[in-house]
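A short worksheet on the structure shown next.
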Amino acid sequence: MLLFINSIAGSEIVVILLFVLIFFGAKSIPGMARGLGKGIRQIKDASQDIQDEIRRTTTDMKRDLNVNQALHDAKNTLQAPVKDFTNNLKASATGVDKNIKGILNDGGKNSIEKSMEAPIKDFKKDLKETATEIDNNIKGEVKDNPKTTSTESSKDVNSDRKPDQENLS
């Protein structure tokens, strides 16, 4: 209501006051001014109440947003290790799945044979080395004991051997 007063010139205000004085009379002007003052006060109070309510609402909304943001941050903080664990578990499962598919695709033969090749080769090598060492020890004992003849020593050695050991040498 006060906004339009700024756009009214002084002479226009005087004309309006004269019109009110003539139309309503001198006796009713104080009552009208009192009513106008009360009306303006009520409008100001109502607008202040509306502004206060808007401020309270926006403050509550900001507080709720802060709480929601804090909850969201806490949720992310708690979910990060779970996501890492899940990703690691999925990666491990994928690796195991690939290994199983590899075994199943060739019937398991190639992967089992390949995994056993190195230990079998090592075992054969160790077995040959041990057999050679035993044979050298036996030959060394025969050379160290000159009293026996070569035929007797070979008979003694062969008699101590088991049938499986004869096939190895």
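The values are calculated or read from the model by the stated rules, or taken from the named source; none is laboratory data. As the structure is a computational prediction, the values presented were derived from the model and not from experiment. In this analysis, Cβ positions are derived from the backbone assuming ideal geometry, glycine residues included, and neighbour counts consider all displayed protein chains.
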Going by what's in this entry, would LYS114 be described as modelled with pLDDT under 80 and of a type in the set (D, E, K, R)? yes
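To keep it simple, each residue is scored yes or no on (1) over 40 Å from the mean Cα position of the chain (by Cα); (2) polar (S, T, N, Q); (3) surrounded by 10 or more Cβ atoms within 10 Å (Cβ to Cβ); (4) not in a helix (DSSP H, G or I).
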residue: ILE13; (1), (2), (3), (4): yes, no, yes, no
residue: MET32; (1), (2), (3), (4): yes, no, yes, no
residue: ALA46; (1), (2), (3), (4): yes, no, yes, no
residue: ARG63; (1), (2), (3), (4): no, no, yes, no
residue: THR77; (1), (2), (3), (4): no, yes, no, no
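A quick yes/no check of all residues on (1) acidic (Asp, Glu); (2) touching a Phe, Trp or Tyr at 6+ places or on another chain (Cβ under 9 Å); (3) at pLDDT below 85:
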position	(1), (2), (3)
PRO119	no, no, yes
ASP126	yes, no, no
THR130	no, no, no
GLU133	yes, no, no
GLU141	yes, no, yes
PRO146	no, no, yes
SER153	no, no, yes
